[in-house]
There are 2 protein chains.
Amino acid sequence: MDKIEAETKIELISEKISAPAEAAKAKTPATPAPTPKPAVPAKTAPVAQTKPQPAAKSTAGVEEKGSDAQEIFSEFREHSVAEFFKKNRQMLGFSGKVRSLTTLVHEYVTNNLDACEEAKILPNIYVKIDNVPENDHVRLYVEDNGPGIPKPFIGKAVGQMLSGTKFHRFIQQRGQQGIGASGCTMFAQITTGKPVHIRSGTGDGQVYECDVAVNLKSNMPAVSNMVEYPGKYRGVTIVGEFAEVKYDRSEYAPLEYLKATALANPHAQITVVDPTGERIVFQRAHDEVPDRPVPAQPHPLGVTTDDLINYSHHSKERKLSSFLTSNFARISDAKVDELKTLCPTINFDKMPKELKWEEAEAIVKAFKQVKWIAPSADPLRPIGKAQIEKALKNVLEPEFIAVSERPPKVFRGGVPFMVEVGIAYKGKAGRQTKDGIGLDVKRFANRAPLLFDAGGCATTESVKTIDWNRYGLKDIDNMAVTLYLNLVSVHVPYTSAGKQAISTEEEIIEEFRYAIMEVARDLDRYLSGKIRDEQREARKKAITRYVKQLAADLPYLAGRGITAEIEKKLLYLIEHKYSKIFEKTTRLTADEEKAAKKEREEEAEE
Amino acid sequence: MDKIEAETKIELISEKISAPAEAAKAKTPATPAPTPKPAVPAKTAPVAQTKPQPAAKSTAGVEEKGSDAQEIFSEFREHSVAEFFKKNRQMLGFSGKVRSLTTLVHEYVTNNLDACEEAKILPNIYVKIDNVPENDHVRLYVEDNGPGIPKPFIGKAVGQMLSGTKFHRFIQQRGQQGIGASGCTMFAQITTGKPVHIRSGTGDGQVYECDVAVNLKSNMPAVSNMVEYPGKYRGVTIVGEFAEVKYDRSEYAPLEYLKATALANPHAQITVVDPTGERIVFQRAHDEVPDRPVPAQPHPLGVTTDDLINYSHHSKERKLSSFLTSNFARISDAKVDELKTLCPTINFDKMPKELKWEEAEAIVKAFKQVKWIAPSADPLRPIGKAQIEKALKNVLEPEFIAVSERPPKVFRGGVPFMVEVGIAYKGKAGRQTKDGIGLDVKRFANRAPLLFDAGGCATTESVKTIDWNRYGLKDIDNMAVTLYLNLVSVHVPYTSAGKQAISTEEEIIEEFRYAIMEVARDLDRYLSGKIRDEQREARKKAITRYVKQLAADLPYLAGRGITAEIEKKLLYLIEHKYSKIFEKTTRLTADEEKAAKKEREEEAEE
């Protein structure tokens, strides 16, 4: 904290505004008589020593039965974040037996994928799920070929919450909180009383194995049974035994989760061995590791005053101006000059460490008035249009696909993000409902599938805002359509530590909305083209029938002519004068569509 | 951790199951040839020193571009819970300007109500919201007449996350995490750079005022500018300045929140002064403080093995048997005998500290086989049928009200809970939609309104499961109906620290479901009764018209008789033979309804 403004002896509002008459009707605005002016002026400190009265005389009789402050605060305690999540394990996604198992798989596999991506390794991930029949436990084994965890970090990486390599970096990854793996360890402990077992090798010829638990009181790792042996294994293997989980093959189960993971990570090879011994392989479809995520600089739009203060006070730059150009995306010397004009009272040569809150606030305000180049897509690693099309084609074999990729935007904190939206129609698209088939929405954040908590998610909210009527898709809820939504961001604003829903930030909803509208328009165009095709086909059939009949009848009616010749002539006439009627249209450009529409209208007028 | 089972040198699955052929089609179950038996046997430690191979040879060429483990883990950091919530402020409910302001009011007011309840004080709460025009900030003032915070705890109570009087207690309160108020302090800091200002008096003649901030790096409180002066004020006043918030009067704004709070807390008097200076008073409707919440003992159903281990190892009892009877609800000596029979190998005379995980697991299993008395309602403080009816009547002035209160149940952890559900029809019930009026669902948890995140909430999920057709309420989405749902629990399983949605625990959904079905049945009965009444009324009119006409015509047709007398006789006949037709029915008992139905069927047959 840099600037704390004292503001002592505030006035009691309860004394300023007279106690409301007991007879007054509930919720009616009271008489505006004792109009309350701002009771707490900003920086003055009016002495309010006007004999404060006991606040609630009328209740004095009742009070004696209750506890007083001393009694109540004798219960005051501090708690560790591990205790908090133990008590609120549902916040980590541990609620419901099937969901809990999926959460475990989710946490381990996203860590695997992140680690492989950062080390530029094509991921090979093995997941094995066994039932332990004697005690209803489930044993989960997850092995990767990632970079491994160096010995000194093994304990903290899986045995201490809020620690890790990702939280503080402005970098696009699936994990970002440093809670996931330790949360799984905690879940093993509280359901089976057992630590998790870790094997780690960094490829230097030594392999480490040990048991790790979280000390829930202190949120510190407890490492035991460490063994060290020579070996070439590189990667991390985690084996844990869990209860209150259940393996099945439902929509929210690990297999569906991994299928969705494969859909968004075609470069990963994922092998699952399920409790029956069946082996399911999600093959690598694409032999290239996505580029390593690049740490981003924040974009001035969306930087908060607090961010600016934090960055500047930790800066080693000598001048505010060079601090700005070197710490933020898109701030050039020319832009600094613009900022100077907008903030004439601020000295841009001062040390960034000396930036005051009010000054920072003024600069942030000025940021919003300057015209900026949009944030660079550099730190963002979208799946890409081609990859999404390929994945949707492989998995859904649809009749029609469209993919929209929007340019990067920022949301609060200057966080760059972008959205990718795909639509697939027919084939295996859509989801089974009790009434048949319906719209399926597949949600992803940085390629990690979001299976749960669709309710309050920005993706779902943006889908809700679409007026499907406008796209001739009024009946979308009963159509074989899959929407594929991926948020790509250096920080995903999850609604909870369970990382299953994206907070409804306006900017994110807007972008999803536009992208969905784009693919909806594409589908509309395809469908109306298809209807026209069908209509043309029907018309062609009708006319051909008519030609045949006419050619047969004419000689008889006219008394002369040869059927075959007349048929030929008629077909020639139709083909040359009305050829457009038979044209096969698949997808029209907007202009063609306009022309076609005009044509149809003209036809109708005729 | 009591029992850590070493399990070293696990086998690599990647070596056991041959690498899948590159040509194999994605997602097809691979040949079951190398059937994977459980690869990680439970307690044996097979030496897997069989020369581990580097896991992913094919990728060796690619790896060099990436970071290795040492590089990656040079970024390893530990973070405080305050840093976590600063970065993920949306998890505390700080997303969106209006919602953020409502979250602030929510956190402070729930603390006020909890404190007053525990101290048995009738709450007088003052909320004042001012715009600070020069910098777009909002100044929030919240004053209560509660027990106050003793001086040594002021800093921690509002300046340290995960500390407080509520988290560890098995007691029904609105707050339960020890995050709320400190989260507000953090939000003031990161949006305006200012600490919050606190005044506290415990009624001992001294009043304290100071500024409090959270040191975000360490999650420790920073108290400054402490002043102490004599005064009789008892309670807590908090004044904070916040940015990125906005005052309006929309559906999700503070005023609606406080209105809903008043609905569920008729014993509280809440005065709001809004930025225009208007004063709105939610009058106390009920002059009695709810009983103090009573700490509960966990019910054996739903106790987990981990709970049992924790409780037993902290117990001072000498014997397992007396530990069980004295620490859990509903465990009598007779029940212990039953448990002994079910767990013959466990020595119930041993020290509870010596209980082993397997034994605890066996006891938990036995718990589920014993027949228990339902948990006591003692620790639960429902609003109560009468209070809910009164509140709904006051606020909605509906045509019909029904309230259902279900007996207590438990969910995981042996947490006792119960649900209260009210339904109101017509009057001001229902919510305005763009198409007219529709079903309104008002959600509460321990009397605190839940305005946000309805999507994934147990309340909403339970409403979704209802087949409204069965209750003749097919068109519920377009009816003027308000559903009032309150979860009463010693621990509310919120989906996130923002405390706006209840996790979809099966037991909770079931209870809400049953309660909603009950009130739906009541409404159905009322509505069909109403229709019958209308039909009867119409029939009566028709018959009376007929009687008049008949009485007038008969003398003419028959040539004798007097109209007035005939009319009188006819009416007498109808009244004595067919009186039931005219009976006014409002609500029938199930039996009456059955009889009425039979009667109607007989009528139809006639």
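Details
- A count restricted to segment A:483-501 and to residues that are within 19 Å of residue A:406 (Cβ to Cβ) and either in a strand (DSSP E or B) or without any contact (Cβ under 8 Å) to a residue 12 or more places away in the chain (or both) stands at 7.
- Lone unmet requirement of (1) buried (at least 20 other Cβ atoms within 10 Å of the Cβ); (2) part of a strand (DSSP E or B); (3) in contact with a helix residue (DSSP H, G or I) (Cβ under 9 Å, 6 or more places away or on another chain) for residue A:257: (2)
- Hey, residue B:202 outside the structural domain of residue B:442 (by TED's automatic domain parsing), within 25 Å of residue B:276 (Cα to Cα) and among the hydroxyl-bearing types (Ser, Thr, Tyr) or not: no
- Test: residue in segment B:424-433 that is within 14 Å of chain A (Cβ to nearest Cβ), in a strand (DSSP E or B) and under 15 Å from residue B:383 (Cβ atoms): no
- Of all residues in segment A:330-346, those satisfying the criterion of being touching a helix residue (DSSP H, G or I) at 6+ places or on another chain (Cβ under 7 Å), among the β-branched types (Val, Ile, Thr) and part of a loop (DSSP other than H, G, I, E, B) are A:331, A:346.
- Conditions (1) of a type in the set (D, E, K, R); (2) outside any helix (DSSP H, G or I); (3) at pLDDT 75 or above; number of the one not met by residue B:541: (2)
- Residue count for segment B:399-432 satisfying the condition of being without any contact (Cβ under 8 Å) to a residue 12 or more places away in the chain and among the hydroxyl-bearing types (Ser, Thr, Tyr): 0.
- Residue that is touching a residue at least 12 places away in the same chain (Cβ under 8 Å) and surrounded by fewer than 23 Cβ atoms within 10 Å (Cβ to Cβ), where the choices are B:122, B:101, B:92: B:122
- If you filter segment B:494-548 down to residues that are of a type in the set (S, T, N, Q) and under 30 Å from residue A:457 (Cβ atoms), you find that the one that is farthest from the other protein chains (Cβ to nearest Cβ) is B:500.
- Note on segment A:230-242: among residues that are at the interface with another protein chain (Cβ under 7 Å from one of its Cβ atoms) and outside any loop (DSSP other than H, G, I, E, B), the one that is farthest from residue B:314 (Cα to Cα) is A:234.
- Residue within segment A:400-410 that is over 24 Å from the mean Cα position of the chain (by Cα) and either modelled with pLDDT of 90 or more or on the phi < 0 side of the Ramachandran plot (or both) present: yes
- A Cβ distance below 7 Å, combined with a sequence gap of six or more or placement on separate chains, defines the contacts here; from segment B:530-559, residues that are within 15 Å of residue B:571 (Cα to Cα) and assigned by TED's automatic domain parsing to the domain that holds residue B:570 reach residues that are surrounded by 15 or more Cβ atoms within 10 Å (Cβ to Cβ) and of a type in the set (Ser, Thr, Tyr) in the pairs B:551/B:563; B:552/B:563.
- The one condition in (1) surrounded by fewer than 18 Cβ atoms within 10 Å (Cβ to Cβ); (2) in contact with a Pro (Cβ under 6 Å, 6 or more places away or on another chain); (3) free of Cβ contacts under 8 Å to residues at least 40 places away in the same chain that residue B:294 fails to fulfil: (3)
- Residue B:136 satisfies every condition listed in (1) touching a Cys at 6+ places or on another chain (Cβ under 7 Å); (2) surrounded by fewer than 24 Cβ atoms within 10 Å (Cβ to Cβ); (3) under 30 Å from residue A:355 (Cβ atoms) except (1).
- Here residue A:245 does not qualify as aliphatic (A, V, I, L, M), in a strand (DSSP E or B), in contact with a strand residue (DSSP E or B) (Cβ under 6 Å, 6 or more places away or on another chain) and in the same structural domain as residue A:100 (by TED's automatic domain parsing).
- The listed residues are B:509, B:502, B:437, B:466, and the only one of them that is at pLDDT 90 or above, surrounded by 24 or more Cβ atoms within 10 Å (Cβ to Cβ) and either of a type in the set (Val, Ile, Thr) or touching a His at 6+ places or on another chain (Cβ under 6 Å) (or both) turns out to be B:502.
- Any hit, segment B:105-119, residues being among the charged types (D, E, K, R) and at the interface with another protein chain (Cβ under 9 Å from one of its Cβ atoms): yes
- A count restricted to segment B:350-368 and to residues that are touching a helix residue (DSSP H, G or I) at 6+ places or on another chain (Cβ under 6 Å) and either assigned to a loop (DSSP other than H, G, I, E, B) or among the basic types (Lys, Arg) (or both) stands at 3.
Rundown of residues vs (1) under 15 Å from residue A:104 (Cα atoms); (2) more than 9 Å from every other protein chain (Cβ to nearest Cβ), yes/no style:
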position	(1), (2)
A:160	no, no
A:164	no, no
A:172	no, yes
A:175	yes, yes
A:199	no, no
A:202	no, no
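- Some residue of segment B:180-192 being assigned to a loop (DSSP other than H, G, I, E, B) and at the interface with chain A (Cβ under 10 Å from one of its Cβ atoms): no
- Any hit, segment B:224-240, residues being over 30 Å from residue B:487 (Cβ atoms), surrounded by 19 or more Cβ atoms within 10 Å (Cβ to Cβ) and of a type in the set (A, V, I, L, M, F, W, C): yes
- Selected residue [β-branched (Val, Ile, Thr) and more than 8 Å from every other protein chain (Cβ to nearest Cβ)] from A:227, A:223, A:207: A:223
- The residues on offer are A:199, A:174, and the sole one that is closer than 30 Å to residue A:84 by Cβ, out of contact with any His (no Cβ under 9 Å at 6 or more places or on another chain) and at pLDDT below 95 is A:174.
Here's the yes/no breakdown for (1) basic (Lys, Arg); (2) modelled with pLDDT of 95 or more; (3) farther than 21 Å from residue B:171 by Cβ; (4) assigned to a loop (DSSP other than H, G, I, E, B):
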site	(1), (2), (3), (4)
B:287	no, no, yes, yes
B:293	no, no, no, yes
B:315	no, no, no, yes
B:348	no, yes, yes, yes
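- Segment A:129-150 residues that are facing another protein chain (nearest Cβ under 9 Å), paired with ones that are of a type in the set (Lys, Arg) and surrounded by fewer than 23 Cβ atoms within 10 Å (Cβ to Cβ) (beta carbon under 7 Å, 6 or more apart): A:130/A:139; A:132/A:139
- If only residues of segment A:462-509 that are small (Gly, Ala, Ser) and under 20 Å from residue B:99 (Cα atoms) are counted, the one that is nearest to the chain's Cα centre (by Cα) is A:501.
The values are calculated or read from the model by the stated rules, or taken from the named source; none is laboratory data. Remember, predicted model here, so these are calculated numbers, not experimental data. Neighbour counts are summed over all protein chains in view; Cβ atoms, including those assigned to glycine, are modelled from backbone coordinates with ideal geometry.
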